[in-house]
DNA sequence: CCTAGTTACGTACACCGTACGCAGTGCGGT
DNA sequence: ACCGCACTGCGTACGGTGTACGTAACTAGG
């Protein structure tokens, strides 16, 4: 009997089956898919061990045969949706390819609004994350720069996309738990903001708000941000 | 009796006292300070209503006289540490001023490692956050650009700093709850990564790892990232 | 002065992650 | 062929969480 709880382990290094005893009723992918299904439908906070087990159709504690801790379940979830990344043959224009990567990542996160909240550097080791990273590096083959710089570019782009989509969506995820609507909350916040600005203590913010009264085009803002990050690494 | 739970409200718009009834034993700042003290000392996960109440020296449910939901307690915490931002008179070189802002924000987050996890666009309305934003805009006075662009720059810089420090620190925050050390976990993860790379399926990652075997200088990486974001908005 | 609104807070509920123990199952070694 | 044991499945239980609700004490406004 191995003392499982006290030794560090990576979920991906642990074999899915060891050969002895009865065959497991589900695969690791089944578990991940059930958790993803719940997160997509009811939000990340609804992903509890009990709910996932119920969705899967087994007892709660049976989950711990597949996943040592809930943290690892999160890791499985991120890897599962990372499989949705479409990996194409890079076309030679690394800036265009990287912009395409950014847009695809954004689309993925909009399909699964809980992903930004789970993004962590430690999840970068999962199988599908490695494939994704290798693909990004392949896109950067035409760029004449050391790998260190390329990795910094990829990290910066991914971080920017994650932050951006997170700001765009986690309020929507958050509002699910609130007893009032997002529109109502925004209205109250804007009213408060207006009252603060009206005091005259923030002249530049006041100017900023009178300058641009129209609704902001999120799509265009994202487009510009991506281009700026990519161009920041282009040789002059 | 107002039905408090069903109407949206901003914590900052709610008056701290209404005049009727016994005087509150603590101020809102006392509550925030107690929560910050716990988060600094024991991590964000230790910030429970019971712990904060105990730290403050009152009953658990008394907290709800000061804060309608735990979410608002988080908002108070972020605002409380936002007061630590040093606001100087901008010197005319907006790029230098912005770099200084970035470094100061990073230092603040390193003092309070739980801040990146709580960063959310909705917290941008707190009093000290408004002061901070106005200061950033003041730094950007010499830059000839519409306020929309300036706000995009500030958002991008803040997001990058937050992401960066988060990646740097939340593993440390996370490891507090794990039954093994961060070094042990890193060793296991690196071993697994090596075994995956050894399969030859990721030639570029393999090349990247053989290229740069030395330890990475986090300070220099951060410096470069800040400079890149700032320079991306400089007129050519 | 009275009363309505507020503070303080104990109790209770539903839910969480997961340690533990037990029954059943089927492969590996003899 | 047959143990034995490692494994799966899972019920129970523990200590934690946020917070709804009810009650007692208190004080300012009419």
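Things to note:
- Compared with the dominant principal axis of the Cα atoms in chain B, helix B:28-42 is inclined by about 40°.
- Build a GNM of chain B with springs between Cα atoms under 10 Å apart, and of B:86, B:184, B:168 the one that fluctuates most is B:184.
- Ellipsoid semi-axes in whole angstrom, largest first, where each is sqrt(5λ) of the Cα gyration tensor of segment A:85-232: 35, 20, 13
- Calculated FRET efficiency, residue A:190 to residue B:138, Cβ-Cβ distance, R0 = 22 Å: about 0.45 to the nearest 0.05.
- Quotient of C-alpha Rg and 2.2 N^0.38 Å, computed over the protein assembly as shown: 1.04
- Segment A:167-236 and segment A:1-74: distance between their alpha carbon centers, rounded to Å: 38
- Each eigenvalue of the Cα gyration tensor of segment B:5-86, multiplied by 5 and square-rooted, gives one semi-axis; in descending order these are 20, 16, 13 Å.
- If R0 is taken as 51 Å, the Cβ-Cβ distance between residue A:234 and residue B:17 corresponds to a FRET efficiency of 0.35.
- For peptide A:110-121, the mean count of partner chain Cβ atoms within 10 Å of a residue's Cβ comes to 1.
- D_trans [Stokes-Einstein, Kirkwood Rh over alpha-carbon pairs] for segment A:170-236, 10 °C, 1.306 mPa s, µm² s⁻¹: 105
- Pairwise FRET efficiency - residue B:71 versus residue B:29, Cβ, R0 = 25 Å, nearest 0.05: 0.85
- Relative contact order, whole percent, for segment A:4-81 stands at 30, derived from Cα pairs under 8 Å and 6 or more residues apart.
- Fully extending the segment from residue B:175 to residue B:61 would add 38.0 nm, taking 0.36 nm per residue of separation and subtracting the current Cα-Cα distance.
- Against chain B, whose longest principal axis is taken from its Cα atoms, helix B:94-111 shows a tilt of about 70°.
- Put a dot 7 Å past the Cα of residue A:201, heading toward its Cβ, do the same for residue A:128, and the two dots end up 4.7 nm apart.
- Mean per-residue shielding of peptide A:202-208 is 5, counting Cβ atoms of other chains within 10 Å of each Cβ.
- Cα centroid separation, segment B:120-166 to segment A:103-117 (Å): 24
- The mean sequence distance of close C-alpha pairs (under 8 Å, at least 6 residues apart), as a share of the length of chain B, puts its relative contact order at 18 percent.
- Largest mean-square fluctuation among A:46, A:191, A:102, in a Gaussian network model of chain A whose springs join Cα atoms under 10 Å apart, belongs to A:191.
- Between the helical axis of B:127-139 and the longest alpha-carbon principal axis of chain B there is an angle of about 50 degrees.
- Shielding value for A:9-15 is 4, the average number of Cβ atoms from other chains within 10 Å of each residue's Cβ.
Throughout, read-outs are computed from the coordinates displayed, never taken from laboratory work. The structure presented is a predicted model; accordingly, all values stated were derived computationally and were not measured. Neighbour counts run over all protein chains shown; Cβ positions are idealised from the backbone, glycine included.
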